[in-house]
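A quick write-up on the structure given underneath.
The values are calculated or read from the model by the stated rules, or taken from the named source; none is laboratory data. Owing to the predicted nature of the structure, the values given are computational and were not obtained by experimental measurement. In this analysis, Cβ positions are derived from the backbone assuming ideal geometry, glycine residues included, and neighbour counts consider all displayed protein chains.
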Amino acid sequence: MKMIVLEKLKNLDFIVFGITLILLIFSVINIYSASYHEFSNLYLKQIVFVSFSLLIILTTTFLFDYRWLLSLSFYLYIIGIILLILVKFVGTTILGAKRWINLGFFQLQPSELMKGIMIIFSASYISSSKLPIGLKDFFKLMIFSFIPFLLVYSQPDLGSGIMIVLPVLVIVFLAGFKLRYIFIFLLILLVSSPFIWMHLKDYQKNRILAVLNPEADPKGTAYHVIQSKIAIGSGMLTGKGYLQGSQSKYFFLPEQHTDFIFASIGEEWGFVVSFTLVSLYLVLSLRIFLIGKGTKDNFGKFICYAVASLLAFQSFINIAMNLAIAPVVGVPLPFLSYGGTALLTFSFLIGLVLNIVYINKSQLFQLYSEETGEY
């Protein structure tokens, strides 16, 4: 039994698992600090979410086979779309946004689930197509991507909608889609930007304008980003100390346990820990990307590419909006922000990456053993 466990652990990628574990533990520590003065039991819920996340990671890594998802990807996509439509009819409205389905014991957020589903679906589609990918397949994938984007955007949740589409664009590019077509696609987006601007909601326009000129409305649309900058700046090099953040404790910093958790961390832990966190996200994303690059199976390869890009983009956008260099679009910081569906979805994606490593390493070891006669 001990030998079996050691054999399994030998095929575990400790960099990906280790960084994820650090982020999960750190999330409980900081959500307690960011919320105990307002929500007495939020950190206890986070402990439950983290426990389930670890269970999902380990189960997916060792007791799963990511290749099963190849035949299930389209059905998962349909389930995701059905859940997004259900939100319209039975969803719970919080702060003017209808994004959650109340299951009694849990608030399910289908838009977060759709991020993972779209990664699996697009990786399955591309791995089953002729490479390099052509215009026909590109347009098909864009149609499949924009259906959930529009449903999520209408909740309204522009940030999550963007996060659904971005990883798809990345793996399309990595699948050999011709660069000139990408430039044409970007040119079309640029030309249509006035039309896109006209169809943004007023609060979305105001958030963009708040980044460009926060002093124009410091007590209104720019309030979030100004308070976030004050919190991060006041932390200086080593921070004010754990549980000592004045911006969050005196209710100046809004949503300090979700969208603005990074500002809360910056205030209490300072630049050194904040920079370390940014470095961890960078290392984690690069490590997953390199795992994809070294994976021969195209389905596993494109899953890794998509997961790496989602982690990189979402962490960058969240941190950028905390630093007031990007509009507030309401995307959580992976593994650190409070939120059950997002945490469980990212944990499953990490488990998938670890499963890809585990299965491919196990197969390589088995081949080696058969060729040498050593088992």
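Can you go through 44, 72 and tell me which one is under 19 Å from residue 351 (Cβ atoms), in a helix (DSSP H, G or I) and out of contact with any strand residue (DSSP E or B) (no Cβ under 7 Å at 6 or more places or on another chain)?
Details: 44 fails: under 19 Å from residue 351 (Cβ atoms).
Sole residue among the options that is under 19 Å from residue 351 (Cβ atoms), in a helix (DSSP H, G or I) and out of contact with any strand residue (DSSP E or B) (no Cβ under 7 Å at 6 or more places or on another chain): 72.
I'd like to check something: does the range 314-321 contain any residue that is hydroxyl-bearing (Ser, Thr, Tyr) and within 24 Å of residue 59 (Cα to Cα)?
Scanning the range 314-321, I find no residue that is hydroxyl-bearing (Ser, Thr, Tyr) and within 24 Å of residue 59 (Cα to Cα), so the answer is no.
Exactly one condition in (1) surrounded by 24 or more Cβ atoms within 10 Å (Cβ to Cβ); (2) part of a helix (DSSP H, G or I) is false for residue 328; which is it?
Only one criterion is unmet by residue 328, namely (2).
Name the residue, out of 290, 253, 311, 323, that is in contact (Cβ under 8 Å) with a residue 24 or more places away in the chain and under 19 Å from residue 18 (Cβ atoms).
On the way: 290 fails: in contact (Cβ under 8 Å) with a residue 24 or more places away in the chain; 253 fails: under 19 Å from residue 18 (Cβ atoms); 323 fails: under 19 Å from residue 18 (Cβ atoms).
Within the list 290, 253, 311, 323, the selection yields 311.
Note down all Cβ pairs under 9 Å where the first residue falls in the range 178-198 and is touching a residue at least 40 places away in the same chain (Cβ under 8 Å), the second is surrounded by 10 or more Cβ atoms within 10 Å (Cβ to Cβ) and assigned to a helix (DSSP H, G or I), and they're at least six residues apart or on different chains.
178/135; 181/135; 181/138
Those residues that are of a type in the set (A, V, I, L, M), modelled with pLDDT under 95 and surrounded by 13 or more Cβ atoms within 10 Å (Cβ to Cβ), I need them from the range 4-28; list them, please.
Scanning the range 4-28 gives a single hit, 12.
Taking into account only those residues within the range 121-137 that are crowded, with 21+ Cβ neighbours inside 10 Å and more than 14 Å from residue 310 (Cβ to Cβ), which is farthest from the chain's Cα centre (by Cα)?
Our first condition is that a residue be crowded, with 21+ Cβ neighbours inside 10 Å; within the range 121-137, this holds for 121-126, 133.
The next check asks that each one be more than 14 Å from residue 310 (Cβ to Cβ); those that pass are 124-126, 133.
Numbers: 124: 19, 125: 21, 126: 21, 133: 25 Å.
For the range 121-137, the residue satisfying everything is 133.
Which residue pairs have Cβ atoms closer than 6 Å, lie 6 or more positions apart in sequence or on different chains, and pair a first residue in the range 159-174 that is more than 17 Å from residue 132 (Cα to Cα) and free of Cβ contacts under 8 Å to residues at least 60 places away in the same chain with a second residue that is in a helix (DSSP H, G or I) and among the polar types (S, T, N, Q)?
165/145
Residue 211 versus (1) at pLDDT 80 or above; (2) under 24 Å from the mean Cα position of the chain (by Cα); (3) not acidic (Asp, Glu): which is the lone unmet condition?
Failed condition: (1).
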